[in-house]
1. Can you pull out the residues in the stretch A:45-61 that are in contact with a Lys or Arg (Cβ under 9 Å, 6 or more places away or on another chain) and among the β-branched types (V, I, T)?
2. For the stretch A:271-294, check the following and say yes or no: at least one residue is aromatic (F, W, Y), touching a residue at least 40 places away in the same chain (Cβ under 8 Å) and surrounded by fewer than 22 Cβ atoms within 10 Å (Cβ to Cβ).
3. Please go through (1) buried (at least 23 other Cβ atoms within 10 Å of the Cβ); (2) modelled with pLDDT under 95 for B:L36 and return the number of the only condition it doesn't satisfy.
4. I'm checking my understanding of the structure. Among residues of the stretch B:13-33 that are within 14 Å of chain A (Cβ to nearest Cβ) and within 18 Å of B:L224 (Cβ to Cβ), which one is surrounded by the fewest Cβ atoms within 10 Å (Cβ to Cβ)?
5. So, in the stretch B:200-228, how many residues would count as being over 17 Å from B:L154 (Cα atoms) and either crowded, with 24+ Cβ neighbours inside 10 Å or β-branched (V, I, T) (or both)?
6. Taking the condition in contact with a helix residue (DSSP H, G or I) (Cβ under 8 Å, 6 or more places away or on another chain), modelled with pLDDT of 90 or more, in a helix (DSSP H, G or I) and more than 14 Å from chain B (Cβ to nearest Cβ), does A:L247 pass?
7. Given the options B:G248, B:G242, name the one that is of a type in the set (G, A, S), away from chain A (no Cβ under 13 Å), buried (at least 22 other Cβ atoms within 10 Å of the Cβ) and in contact (Cβ under 8 Å) with a residue 12 or more places away in the chain.
8. Output yes when any residue across the stretch B:156-172 is closer than 25 Å to B:F272 by Cβ and not in a helix (DSSP H, G or I), and no when none is.
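The values are calculated or read from the model by the stated rules, or taken from the named source; none is laboratory data. Keep in mind it's a predicted model, so treat the numbers as computed, not measured. Don't worry about glycine lacking a Cβ; one is built from the backbone with ideal geometry, like all the others, and counts go over all protein chains shown.
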Amino acid sequence: MSKFKILHVLFFALAIGFLFLSHYYFAEYTQSIVNNIAIFIILAISYNLINGVTGQFSLEPNGFVAVGAYVAALLLLNADSKLYQFDAEEPAGIILALHTTNFILTMIISGVCATILALILAMPVFRVRGDYLAIVTLGFGFIIQLLAVNFPAYTNGSLGLNEVMKVAENGDTSRYTNIFYSGGVAIIAVIVILNLIYSKFGRAMKAVRDDEDAALAMGVNTFKIKTMAFSVSAFFEGVGGALLVGLLGSVSPDQFTFFFTFQLLIIIVLGGLGSTTGAILGTILVMGGSEWLRFLDEPMNLLGYQTEAYPGLRMVVFSVILIFVMLFARRGIMGQMELTDILNKFKKASK
Amino acid sequence: MDSVLFFQQMVNGFSLGSMYALIAIGYTMVYGVLRLINFAHGDIMMVGAYAALFSMTSFTLPFPFALLFAVTVAAVLGVATDKIAYKPLRKAPRISLLITAIGISFLLENLFQVIFGGAPRSFNVPEYLEQVVSIGDVNLAVSAILVPIITLVLLACVLFILYKTKYGMAIRALAFDIQTVNLMGIDANMIISIVFALGSSLAAIGGVFWALNYPSVDPLMGVLIGLKAFAAAVLGGIGSVGGAVLGGFIIGFTEVVAVAFFPDLAGFKDAFAFIFLILVLLFKPTGILGYDFEKSRF
């Protein structure tokens, strides 16, 4: 076992320890932040796989997350609450028939549905390159969101689905997502994606990013590689969608506009496009930071002068910080480096 | 379908398409010179509409001056965003530029939400633009006739500037190869400023016309309109001004016609731009009038 493998194991042990700590000792509010960050880590590293590692400028994660979230909500709600919730139209038969309370199964099915969608979309999407790819995927993400609005028999239209909560026999409700689910999936996602990046496929993905034509000339099946990265990232985005539903207890189309995608894009670019470590750091900074900035939306006491509440001020400050960070840290926090690369550098420097 | 309704829908499609075209030109020109999808462009349009609204209500300027004021504000803002957020990043990876564009977009949207509130404000259309003119059996508001005419005149001006003046030549040269342009003694930064001023002015006019037709403004109005205008620019072939105009008209017409003739599709109105775009890109990956940027640079 090399030194770095030991280091990795140590990191994962620390992460798992942190999950236990936060599950048993953190307040509920803190727990929901930890959950949220864990879910966004899953989304960010899987988005980074297609966007940063494979270099395909896709703007579609909102679509995949939406699919995962809707599938999960429809599976977790029972027939009665569906009948009760669907206002505009009677729910379709198949929607009523499908139901499970097994959250792990739900996550897997959500992920698989998103993957199937990715496989279907890969053909049209990867016919174009570069910025054209960006606008095509943006379009698909937008269309998926509109489909959710316009098929009320399946999705309850713009009202979305609510009260996706676990109901105990005594009538108590609780969230499906807990720290072990979100954190556990996050750890699994990190392991899977890092292994993929350091495999033969990962090298091919980086080759596609750096020079697609050269990769093609060297015999890399670029379409296959892109499709693979797209589907793996879609799978984890679908699972992330299921976790989001399990955490929030509701899903609606306006949760998944392209703002969602932009948020993820900001996270991975801030962290360093192409670096999984960077995506994780970026998530913690952006999600934690925007949570921390929440005080700006409240009424404030500035030097004895009581100000009113300005809802939205938080986002103003956030965007100013974002612009400044991009102006001065152009390649993000980590660049394209991983944690191990930095440690390697230190090792070389100390020799 | 009687001919009166048909004619009316044609005018509506024409007017909507011309607004998309006005906004799409800004996207296509900025993309042409900087290879940047300027996500803040739609929000500059929104600022223009707000500027017109407030110059009419707070300063009681007459409408033509309000329009002029909106154009000035938007042009200054366009140039300022370039100087602050894009110029320092000329040599940075393109993705950083894109993120600052998204940042500017978020900033404008949220700043306007904080200052003016998120609720839509009604736009007071001057009376003479609301008067109804009857041509045969067709009744049209003055604005419905005036907007497309002004737009066409403006488009002609832009095409004239681009293809008949020395600044236009510089802009096209910049779109072709930014490094060589610097060697030829052209001040690239000044030309880029002109591009931003021109594009933002047109966006402001588009925004004011939009506010006239759907008499309200809100801080997020630029998001969807901007995206659709960008889709129009790509559909026509990004980098080509003629293509942006063509794409704008195609999308405007499709939206109006599809909703008028197939009311069932009304829910998908906003998606037509993208569906069209995806279909076109599948067969002609650079848009209708576009050329391959990545290849043309070598």
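1. Within the stretch A:45-61, A:I50, A:V53, A:T54 meet the criteria.
2. Residues of the stretch A:271-294 aromatic (F, W, Y): A:292.
Then drop every residue that is not touching a residue at least 40 places away in the same chain (Cβ under 8 Å), which leaves none.
Looking through the stretch A:271-294, none of the residues is aromatic (F, W, Y), touching a residue at least 40 places away in the same chain (Cβ under 8 Å) and surrounded by fewer than 22 Cβ atoms within 10 Å (Cβ to Cβ).
3. The failed condition is (1).
4. B:Y27
5. We begin by selecting, within the stretch B:200-228, every residue over 17 Å from B:L154 (Cα atoms); these are B:211-228.
Among the residues that remain, those that are also either crowded, with 24+ Cβ neighbours inside 10 Å or β-branched (V, I, T) (or both) are: B:211-212, B:217, B:219, B:222-223, B:225-226, B:228.
The number of residues fulfilling the criteria is 9.
6. For A:L247, the condition - in contact with a helix residue (DSSP H, G or I) (Cβ under 8 Å, 6 or more places away or on another chain), modelled with pLDDT of 90 or more, in a helix (DSSP H, G or I) and more than 14 Å from chain B (Cβ to nearest Cβ) - is met.
7. Answer to the check: B:G248.
8. no
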